Amino acid sequence: MTRHEPESLFRRVFRLPASRARIRVALDEELRFHLEGRTEELEASGLTHAEAVAEAYRRFGDVDAHRRAALAFDDRTLTRGRRMELVDAFLRECRLAVRTLARSPGFTGTSIITLGVGLGAATAIFTMLDAVVLRPLPYANADRLVQLTSPVPKLEGDTLWGLARHEMYYFKQHSTSIEDIGVYQRTEVTVGSNGGDRPAERARAVMTSPSLFSVLGVVPELGRLLLPDDSRSRRPAVVVLGHDYWTQRFGGDGQLVGKTIDVEGASVLVVGVLPPNAQLPDSKTDLWLPAYTYPEQQAFNNHTWSAIARLRPGITAVQAQRELAPLTARLPELYSHAEPPQFVAATGFHTQVRSLRDVVVGEVMTRALWILFGAVLLVLIIAAANLSSLFLIRVDARRRETAVRTALGADRVHAAMQLLSESVLIALAAALLAMILAQLGLRLLLSLTPSNLPRLTEIHLSAAGIAFAFGGALLIALFLGLVPIAGSPELDVNVLRDGGRGVTLSRRRQLVRSALVVSQVALSLVLITAAGLMVRSFQNLRAVRPGFDPSGVLTMHVAIPAERYGKDYARTSAFYEQVATQIRQLPGVRGVGFSEKIPLEDSNLCTGVSVQGSTARNLGCPSTSIVSPGYFEAMGIAVDGQSLSWSGMDQHDGNTVVSRAFAQQHEWPGTSGIGNGIKFEGAPFFRISGIAHDVLADGLDKPPVAIVYFPMLPIPGAQLEQVPTYMNLVVRTNGGDAMRLVPSIGRIVAELEPAAAIANAKLMNDVVARSMARRTFTMLLLGIAAAMAVLLSVVGLYGVVSYVVSQRRGEIAIRMALGAHVAQVRRMVVRQSTGITLVGIAAGLLVALGSMRLLQSLLFGVRATDPELLAGSALLLLAASLAASYLPARRASMVDPGDALRAE
Amino acid sequence: VAASADIELLRGTLDMLVLKTLSWAPMHGLAVLRWIESATQDRLQIEEGALYPSLHRMEQKGWLTADWGYTDQGRKAKFYRLTAAGRRQLAAEVTKWSRYTETVDLLLTAEPST
């Protein structure tokens, strides 16, 4: 037959294991055998060759169809066979590995716990990182949401103003990159009792343009959202409730939509309820009220509105910002009243666009979480290094066994598989342990986390976290299984000849293990230094004098109905004075006052003021706060000159206090500034009567804020924008539990004004602590990571030194037999461990010098490369290494020369 | 040559015939055919190529195993052998087949009882 090929080829082929190609060849051979056999048979019965071939093919039918049908079955056979083989091999290896591991429970347990703890910590932090930083915000089209702000660099440095309402309409109409835009302002409102049993209470509200809902992609759960027409009335007539507030305050009453509730003493119609997850990105909202805003509204220079926009698909924040620049530049021309040209020139006013997620999460938090993640990864690496060391010891111990097997014909691949399956099993068990630990750890972390951490509620052990734990476990398993194999090229029979103690081999192993410990020490040094820097920053921050005395100070919001008090300065002042006087009578109270703003709590956007007698060219833009007499004493802010008094205020003396930082911005030749006039635009002048000491109102790590403390009562003719019907009560106590006063204060306020609401009672000490919370949190976690790292390194070092001692028993015995002192032997062991540690420290110092700069933005009052701290970390590690070598050294010195040498 | 072959094979019956044939001895495909031809006195009309998908299918099912060996003439051929599972399968098919023919017989031989 013409298609015939030499048979020897097939002989060769068929000894090889099955493959798709070989199956084809075999089938063709089988069919050919059939056709040839038939042909010969037919020829023998008298047909010519040609006739016989034709008849054989006729009887056979469609060769190709039959061939294809047979092949389909063969393919299936092959696939199944391969799968079975793999499963078989895998199960075999696993059974063997389980048996081997069960024989050494100490090794197995240590490995699983070490790896599990390291992996658990890494998984917990990874979960936080994923939930807070990596995952998009919970909105439709979250990646297209941006925040718009107005920087005024020439006026206030880094402070960002918001948008004015007319800008919203202007940008929406003219910008091609903005699809939709909404503005809002946070506020608090008093929700009245509605005649029910619940007292009036303060609620978190947002005054919003109706467009904000469509920007965020919110749909109502009940009723409707706000409509553009709702925004045309100066006083909100309708309200949309947040889901949680609806359930908490109104018991989830489905009939509430269409009824009215009492908001700020006015009846407001509930038109809708939002679904549970519909929230602004950075805080919870109870009531959504329509802001007073419509397109034809007069433009004002009132850049106080937070703005969120949704960009068109494919547009980046940078592109949008570039597009808005020329639009913003045209504002003075179009709205010369709101943004006059000299205003833009003097402030450097422009529009900034940033991804909403970056704004919400914040650079510092993103950085802190990445640093913490890096820290736990280092710990994990250190743990893996310890395990690797343990695995090396095991491989060494099994060298004889392996050599025998090799001699008996087992291949190296098999030996590798065995080791790998052991490490995979351990890693999987560790991953399971890690899940449990991560779950517990997350619960602990969440109780430690600053409550102002963004996206807290989104944190839970997620699929990504689980994938991370198992992925990490498998990677480590590969590393553990492969390092010993890579480190031992001579898995051969020679081992059997030299009594199972190949000198060169053990020296090479020793080198690998020492290298592992060196890297552990180095990484530990990095972590200790990082933790030390955070501790130092924390101490520095704690030592900062905030300009007020927070200890024993209690504060809370007090709000009175705006309709009855809003137009009546005398009545408002009288109410506050009575409250202050009565609280003053409570036991342990040493001072009482009110203030519009609380340091470290309220934002300090600035307001333009006019000042008499100042020669400074820059008018400045101080933060303003309306305060009552007694505030400075209650908050513990020292005042030079004359402070405010109730009697003086009643006589409209116009006394005003400014902060020293404000006074220093102005130059009053020859005077401190006391006695000069100061006023809002258009108002008569107040008189600067005192200079208050500076307060770090924006943060303990920020410069002091320039503040003008206006009195609660105006001088005749003055038009304060609003009578302060919403103030912070500040009460200084003798110490002890100041919170105990809250019920009594509540009673006093309620007796004087039943419609008043108090809320948010808190201690100033807690306010100060919260302002440092992110740093505290980072410091705490870095501290834990560093402690884990040191512990693991000490264990690793101990392991290596003990092993060296056990390997050198013979040598030590000889030395001692030759008269070496116990002290000399000990010194020898300690020298070994110190040597390794010093190399590690040197490497660690290099890494630390290079990497600590990453921490800079989290530090305060300490340089990232602080030499004292670096030296301290190094000393700490050196001490730890001495501790680690103590036991092995003792053991070495107790070697009995006779015993040891006989054992040879 | 196949002029005397006058019975067309029922679907699925070929498997049973092959199993039965192989129950006597391991054979290659052509030998299986020859055995069936001689045992049935050439009365069956089989499209010979259909034998191979059948053999390979039963191999995949685990009823047969195959090995390459040499014929008496020294030629390389693929020999099929019945496995224990194949034997059980054969027994099941034979039982099914006899029950079927018996039933059909019953009907064909039945006469009206009136």
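See the values below:
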read-out: Partner chain coverage, peptide A:167-178 - average Cβ within 10 angstrom; value: 0
read-out: For the stretch A:129-156 versus the stretch A:363-399, the gap between their alpha-carbon centres in whole angstrom; value: 34
read-out: Isotropic mean projected area of the C-alpha convex hull, the stretch A:211-349 (nm²); value: 10.5
read-out: Cross-link reach list, lysines versus B:Lys76, counting only Cα pairs under 30 Å and skipping chain neighbours closer than eight places; value: B:Lys20, B:Lys61
read-out: Where the Cα pairs of the stretch A:131-208 fall when distances are cut into 10 Å bins, in %; value: 14, 27, 32, 19, 8, 0
read-out: For the stretch A:162-220 versus the stretch A:46-102, the gap between their alpha-carbon centres in whole angstrom; value: 71
read-out: Kirkwood hydrodynamic radius of chain B, Cα pairs, Å; value: 15.6
read-out: Peptide B:50-62, shielding by other chains (average Cβ, 10 Å cutoff); value: 6
read-out: Residue mean of other protein chain beta carbons inside 10 Å, A:22-28; value: 1
read-out: Chain A - Cys residues lacking any other Cys C-beta under 4.7 Å; value: A:Cys94
read-out: Heavy-atom accessible surface of the protein assembly as shown: percent carbon and sulfur, 1.4 Å; value: 58
read-out: Ordering of A:250-260, A:139-149, A:341-351, B:50-60 by burial proxy (mean other Cβ atoms within 10 Å per residue, highest first); value: B:50-60, A:139-149, A:341-351, A:250-260
read-out: Among A:Trp668, A:Val839, B:Leu108 - extreme Cα towards positive end, dipole of the protein assembly as shown, charges at beta-carbon; value: A:Val839
read-out: Cut-off under 5 Å, modelled amide H: who pairs with B:Leu64 long-range; value: B:Glu59, B:Thr83
read-out: Most to least packed among A:788-800, A:283-295, A:52-64 [average Cβ atoms within 10 Å]; value: A:788-800, A:283-295, A:52-64
read-out: Amide hydrogen neighbours beyond the local backbone of A:Gln612, cut-off 5 Å, H modeled; value: A:Gly677, A:Ile678
read-out: Pair B:Ala92, A:Lys284: separation of 7 Å Cα→Cβ label points (nm); value: 6.4
read-out: Residue-normalised accessible area of the stretch A:718-794, expressed per residue, 1.4 Å probe, Å²; value: 42
read-out: Isotropically averaged projected area of the stretch A:309-383, using the convex hull of Cα atoms (one quarter of hull area), nm²; value: 7.8
read-out: A:Ala706 long-range amide H proximity, modeled H, under 5 Å; value: A:Ser623
read-out: In sequence order, calculated HN-Hα J values of the stretch A:637-649 (Karplus, 6.51, -1.76, 1.60; Hz; x Gly/Pro); value: 9, 6, 10, 8, x, 9, 8, 9, 9, 4, 5, x, 5
read-out: Fraction of the pair-distance distribution of the stretch A:549-593 above 13 Å, Cα-Cα pairs, percent; value: 63
read-out: Three-way shape call for chain A based on the alpha-carbon gyration tensor, with the a/c threshold at 1.5; value: oblate
read-out: The stretch A:251-292 versus the stretch A:815-846: alpha-carbon centroid distance in Å; value: 73
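The values are calculated or read from the model by the stated rules, or taken from the named source; none is laboratory data. In this text, all values refer to a predicted model and were calculated from it rather than measured experimentally. Counting neighbours? That spans all protein chains shown, and the Cβs are built from the backbone with ideal geometry, glycine included. The protein model used for the area step is the full one, side chains on, heavy atoms only, and it has no ligands, DNA or RNA in it. Shrake-Rupley method; radii C 1.70, N 1.55, O 1.52, S 1.80 Å.
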